[in-house]
Amino acid sequence: MNVSEAIRTRRSVKSFDPAFTLTAAERDELLNLALQSPTAFNLQHWRFVVVDDPAHRQAIRQVAWDQSQVTDASLLIILCADMASWEKNAARVWKNAPDAVRDMMVPAIDAYYRGKPLVQRDEAMRSCGIVGQTLMLAAREKGLDSCPMDGFDFEAVGKLINLPDDHVIAFMLAIGKKTQDVWPKPGQLELNEVMISNRFNH
Ligand SMILES: Cc1cc2nc3c(=O)[nH]c(=O)nc-3n(C[C@H](O)[C@H](O)[C@H](O)COP(=O)(O)O)c2cc1C
């Protein structure tokens with residue numbers, strides 16, 4: 001399957017086959033592909049909470065509108081990000097760059113994020129959105145289905161996964177084999193409505 005086909009055939013699946021499993025190697029292949037996604041300043045601040053304990057999944061489902069994807073998908077990933085990664089990891093993620101590049105990047109990262117909690121949070125959401133799409137398309141290429149999900153109580157899920165104070169949950173991603181087709185695309189907007197030439201006209 002090429003990328004265009006993966007994009008066209010990806011749907012947010014509502015029911016997964018609970019008997020379908022992925023090996024640890026198949027899971028890691030998907031996650032390793034995801035690691036190739038871009039992040040601003042190469043921060044890679046995403047953190048993937050992979051929930052494979054059935055009881056833990058059940059507890060999460062209870063605070064996720066009882067959505068069956070949470071328990072039935074082969075993989076349930078809670079896409080989180082470390083909002084303080086800019087402070088902890090800046091030098092580490094530029095360690096292989098030429099000295100001059102690293103010496104420019106590390107202070108630039110500090111200046112960009114320090115004292116700007118909204119920027120730190122926005123960046124976390126951007127990165128998780130991008131990595132989530134990479135995962136969904138990689139899954140599709142392997143004949144798998146997925147569902148991105150934010151229909152859950154973020155605070156309750158945060159407690160269940162012991163989310164550190166300086167981390168944030170962006171959304172969950174269920175990946176597996178669908179048991180049913182989803183309804184046809186419910187109503188895509190036309191390109192001419194969403195594409196703006198140069199500037200908005202008010
Ligand atoms: C951030 C995000 C959160 C979503 N949350 C849920 C969810 O909790 N449950 C669900 O069934 N679908 C969820 N969806 C799927 C959307 O409803 C779906 O993407 C949209 O209706 C378009 O359908 P398609 O993805 O099949 O093309 C979510 C999608 C996104 C991007």
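The values are calculated or read from the model by the stated rules, or taken from the named source; none is laboratory data. Keep in mind that this is a model prediction, so the values were computed, not measured. Neighbour counts are summed over all protein chains in view; Cβ atoms, including those assigned to glycine, are modelled from backbone coordinates with ideal geometry. The protein model used for the area step is the full one, side chains on, heavy atoms only, and it has no ligands, DNA or RNA in it. Shrake-Rupley method; radii C 1.70, N 1.55, O 1.52, S 1.80 Å.
Ligands, DNA and RNA left out, the 1.4 Å accessible surface of the range 1-109 is 54% carbon and sulfur atoms.
Note on the chain: percent of Cα-Cα distances in each 5 Å bin, starting at 0 and stopping at the bin with the largest distance, equals 1, 7, 14, 16, 17, 15, 12, 10, 6, 2, 0. In straight-distance terms, cross-link reach from K14 covers every one of the lysines whose alpha-carbon lies under 30 Å from its own, apart from those fewer than eight places away in the same chain; here that gives K142, K159, K177, K178, K185. Can you compute the modelled spin-label distance between D153 and R102, with each label point 7 Å from Cα toward Cβ, in nm? With each label placed 7 Å out from Cα toward Cβ, I get 4.6 nm. Put a dot 7 Å past the Cα of D110, heading toward its Cβ, do the same for Q58, and the two dots end up 5.0 nm apart. Projecting label points 7 angstrom from Cα along Cα→Cβ for T23 and N192 puts them 5.2 nm apart.
Taking the 1.4 Å solvent-accessible surface of the range 140-202 as the whole, the part contributed by carbon and sulfur is 49%. Basic side chains Lys and Arg get +1 at the Cβ, acidic Asp and Glu get -1 at the Cβ, and with that the dipole of the range 1-120 about its Cα centre reaches some 340 debye. The equivalent ellipsoid that matches the C-alpha gyration tensor of the range 1-119 spans semi-axes of 35, 19, 14 angstrom, in descending order.
Using the Cβ-Cβ distance between K95 and Q36 with R0 set to 22 Å, the FRET efficiency works out to roughly 0.75. Note that the chain presents 58 Å² accessible area per residue, ligands and nucleic acids not counted, probe 1.4 Å. Which parts of the range 99-118 would a label at K88 reach, counting a residue when its backbone N lies under 18 Å from a point 7 Å out along Cα-to-Cβ? Zone members listed by number: 109-110, 113-118.
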